[in-house]
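Worksheet: one structure, shown below.
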Amino acid sequence: MSSADGRIEGHTVDPAELLSAAPGPAPTHARRRPSLKDHSRAALRALFGARGWPAYRADQVANWLYQQDATRLDQMTNLPAGLRGEIEAEFEVDTLEVALTQTSVDGTRKLLLRAFDGASIEAVLIPEERRHTLCVSTQVGCPLTCSFCATGALGFTRNLSAGEIVDQVLHARRRIPAGEVLTNVVFMGMGEPLLNLPNVSEAIRILVDPKGLALAPRRITVSTAGVLPQIGPLLAVAPIHLAVSLHATTDAVRDVLVPLNKRFPLEELMATLRSEPQLNRRRPVFFEYTLMDGINDSLEDARRMPKLLAGIPAKVNVIPMNPHADAPYQPPPGAVVDRFTAALHEAGLRVTLRRDRGRDIDAACGQLANRAAPSRPSTPPPAGAPARPESLQEHLAEGRCQPGDAGS
Ligand code: SF4
């Protein structure tokens, strides 16, 4: 599915190749030492034990990192100095530094974070009345080239380590006002989390560990464009929520908006979700539906959706398109958005309309593109390949598909 540089190539590559874009927890960049935060507490205990260090010292290190927010080993004063030196010889503590913080008029904050190899990623902290939600990235860029998404236009550079995912949470937590707490983490930033499942899983274990970041699993949501073989293994990590980037009700339209659909079309996606025993009404799938003017916002789309989702415990999040320079799509007029969501409601679906947050700083859904970074890390497309996937407008102009086409 993805070529060596991570780009979609239509129907010619099998899922094993797609998943090979995410080789696992192997070193993800040229850092000299792994980070202590690359490992869950259980894994850290095993690593310490293998080195002849008492396993309980790993618990003390985790307490310093996640509960006392230590950033250096010399702050861990209940560890013997000799042991601190031995740990320091093998492990880093921090993995990311904050290069820039931008604040939206609505209070949303976008962090531009830089790794030791110079790679840049973004995380978005969204304050709401009674909660603070952080949107984290899982890859530098993304191989999936969804045609409405600014991250997809960057190309793919590499997977983030577990420590780099966890460090986004730690940096964001430091920016929350005293007396308030980070309540929710959503894996909806740059990258496809299920193409980096080993590191995403280890990060989740640290987030939900009562002696780690102690977040309730139900406060964590991981989004996928539909990497079907990895959905079951993700849901087994912890009772977190799953979000699926749906965005279309026919294969003809979704093939263009989410090219991964060519490998895992709607029928297979829905069959996988329908047969997944770990999903239920208390643990439904959140279907993300970015509403685009004249593309996927018809009443026919709204009428098709309940049939498509039948038998799946579901909530639908409708998100009017956040326009940006890398995609040709626009949000529909407000009346069309209202008509679409009302039709879903009337059909009996649980629906929410997501408010824009951080659009003025390019922090809204689909807008993350390191625009504030001095240089964008990206992999150029292979010789002869189009720089961008075909736009849906081009398809429509040539009569190859219609927004109202029936799915397969
Ligand atoms: S929408 Fe998600 S999966 Fe698609 S290109 Fe953007 S970051 Fe990747």
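Derivation of every value follows stated rules applied to the coordinates shown; laboratory data play no part. This one's a predicted model, so the numbers in the text were calculated from it and none came from an experiment. Quick reminder, even Gly has a Cβ in these numbers, built from the backbone with ideal geometry, and neighbours come from all protein chains shown.
Treating the Cα atoms of the range 95-397 as identical point scatterers in vacuum, please give the log10 of the normalised Debye intensity I(q)/I(0) at q = 0.06, 0.10, 0.16 Å⁻¹, two decimals.
-0.18, -0.51, -1.45
Just to confirm the filter: which trypsin sites (Lys or Arg not before Pro) across the range 273-348 are DSSP coil and have at most 11 other Cβ within 10 angstrom of their Cβ?
Numbers: sites: Arg274, Arg281, Arg282, Arg303, Arg304, Lys307, Lys315, Arg339; in loops: Arg281, Arg282.
Of the trypsin sites (Lys or Arg not before Pro), the ones in loops of the range 273-348 whose Cβ has at most 11 other Cβ atoms within 10 Å are Arg281, Arg282.
Taking the Cβ of Asp74 as the center, what net charge do the other residues with Cβ under 10 Å away carry, scoring Lys and Arg +1 and Asp and Glu -1? Don't jump to the answer; show the numbers that get you there.
Numbers: positive: Arg72, Arg84; negative: Glu88.
Here the count lands on +1.
Report ³J(HN,Hα) in whole Hz for each residue of the range 356-361, in order, from the Karplus equation J = 6.51 cos²θ - 1.76 cosθ + 1.60 where θ = phi - 60°; Gly and Pro get x.
5, 10, x, 4, 5, 10
List, largest first, the extents of the alpha carbons of the range 34-94 along their principal axes, each in whole Å.
Extents along the principal axes: 25, 23, 20 Å.
Would you mind counting up the charge near Leu111? Only other residues with Cβ under 15 Å from its Cβ, with Lys and Arg at +1 and Asp and Glu at -1. Walk me through the numbers before you get to the answer.
Numbers: positive: Arg109, Lys110, Arg114, Arg173, Arg174, Arg175, Arg357, Arg371; negative: Asp94, Glu97, Glu122, Glu164, Asp167, Asp362.
Every neighbour counted, the sum reads +2.
Starting from the 7 Å offset along Cα-to-Cβ, what nm value, one decimal, do you get for the label separation of Lys211 and Asp338?
It is 5.5 nm.
May I ask you to derive the FRET efficiency for Thr352 and Asn63 from their Cβ-Cβ distance with R0 = 41 Å, giving the value to the nearest 0.05?
Details: r = 37 Å, r/R0 = 0.91.
Result of the calculation: an efficiency of 0.65.
Relative contact order of the range 258-342: what whole-number percent is it, with Cα pairs under 8 angstrom and at least 6 residues apart?
Values: 84 pairs, mean separation 29.0, N = 85.
After rounding, I find 34 percent.
What length, rounded to one decimal in nm, is gained on full extension from Arg274 through to Ala178, with 0.36 nm per residue of separation minus their alpha-carbon distance? Mind dumping the intermediate values first?
Working: separation 96, 0.36 × 96 = 34.56 nm, distance 4.29 nm.
Net length gain for the segment: 30.3 nm.
7 Å from Cα along Cα→Cβ at both Glu128 and Lys307: what's the point-to-point distance in nm?
Taking the simple label geometry, Glu128 and Lys307 are separated by 3.3 nm.
If contacts are Cα pairs under 8 angstrom and at least 6 residues apart, what is the relative contact order of the range 95-397 in percent?
Result for the range 95-397 is 20 percent.
Looking only at Cα atoms, what is the convex hull volume of the range 75-183 per residue, in Å³? Spell out each step's value before the answer.
Values: hull volume 15.0 nm³, N = 109.
Cα-based convex hull of the range 75-183, divided per residue, equals 138 Å³.
Restricting to bridges with both residues inside the range 95-397, how much of the DSSP beta-bridge set is antiparallel, in percent to the nearest 5?
On the way: 21 of 46 bridges.
Close to 45 percent.
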